[in-house]
Amino acid sequence: QQQVKQSPQSLIVQKGGISIINCAYENTAFDYFPWYQQFPGKGPALLIAIRPDVSEKKEGRFTISFNKSAKQFSLHIMDSQPGDSATYFCAASMSHYQLIWGAGTKLIIKP
Amino acid sequence: NAGVTQTPKFRVLKTGQSMTLLCAQDMNHEYMYWYRQDPGMGLRLIHYSVGEGTTAKGEVPDGYNVSRLKKQNFLLGLESAAPSQTSVYFCASSRGGEGRELFFGEGSRLTVL
């Protein structure tokens, strides 16, 4: 019940295309769903986050879509750029120290 | 603005040796965390602290100890290193309250032979 399942494990997208990463959870007590971006040799950094009372949140080219009934959420990167190449982690949280991470998706944007 | 600083960045140990990883944050955050990151497994919480002088176990605490004697510092110790502790270790901090964003250091890569 504490797992967050993330897919795909890796993704290759052409420059200008849409990158989509999906996550699913089981515990309905989760109330905060962040996405973190990690570049090689660096720590993860918060990209965008959503609470379950909204179905979508957009920040620039990055959008989280949230489906509470299906217990799924996804990250969409519009007009993907080579600089977006990184590993992306979804997570689900019910408190500061109860943050459950997905396994990560390695995204490569081909020029 | 340094944010979260981890030392050392790289370390090689022999089985049975001990070492301490140091984390320092300059954001006056209440909460601090130690995670380990292994390929295909995301991040797993080792220990965390909700304030100076407090520590608590996370998901994978065995073989590790921590201390938070000062608000800005969080130390992770390995008393007797094992090959299974080969990993990249990340320290993070958060403001507390409604501020759940984690701010991470750049990681410490530990290899245990």
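Observations
- The range A:44-82 and the range B:1-66 have Cα centres separated by 28 Å.
- Lys/Arg +1, Asp/Glu -1 at C-beta; chain B dipole; positive extreme among B:Gly58, B:Ser80, B:Met32: B:Ser80
- For the range A:4-110, the Cβ-based charge dipole about the Cα centre amounts to some 220 debye (Lys, Arg positive; Asp, Glu negative; other atoms uncharged).
- Mean shadow area of the range B:4-112 over all directions, Cα convex hull, nm²: 6.2 nm²
- Placing dummy labels 7 Å off each Cα toward the beta-carbon, the span from B:Thr86 to B:Lys70 is 3.4 nm.
- Fraction of accessible area attributable to carbon and sulfur, the range B:4-112 (%, probe 1.4 Å): 51 percent
- Hits among lysines - C-alpha to C-alpha of A:Lys71 under 22 Å, sequence gap 8 or more where chains match: A:Lys5, A:Lys57, A:Lys58
- Unit charges at the beta carbon, dipole of the protein assembly as shown: most positive-side option, A:Gln98, A:Gly16, B:Cys23: A:Gly16
- Estimated D of the protein assembly as shown in µm² per second, where Rh is the Kirkwood radius over Cα pairs and Stokes-Einstein applies at 20 °C, 1.002 mPa s: 119 µm²/s
- Each Lys and Arg contributes +1 and each Asp and Glu -1, all at the Cβ; summed about the Cα centre of chain B, the dipole is approximately 240 debye.
The values are calculated or read from the model by the stated rules, or taken from the named source; none is laboratory data. Just so we're clear, the structure is a prediction, and the values are computed from it rather than from any experiment. All Cβ positions, even for glycine, are placed from backbone atoms using ideal geometry, and neighbour counts span all protein chains on display. The protein model used for the area step is the full one, side chains on, heavy atoms only, and it has no ligands, DNA or RNA in it. Shrake-Rupley method; radii C 1.70, N 1.55, O 1.52, S 1.80 Å.
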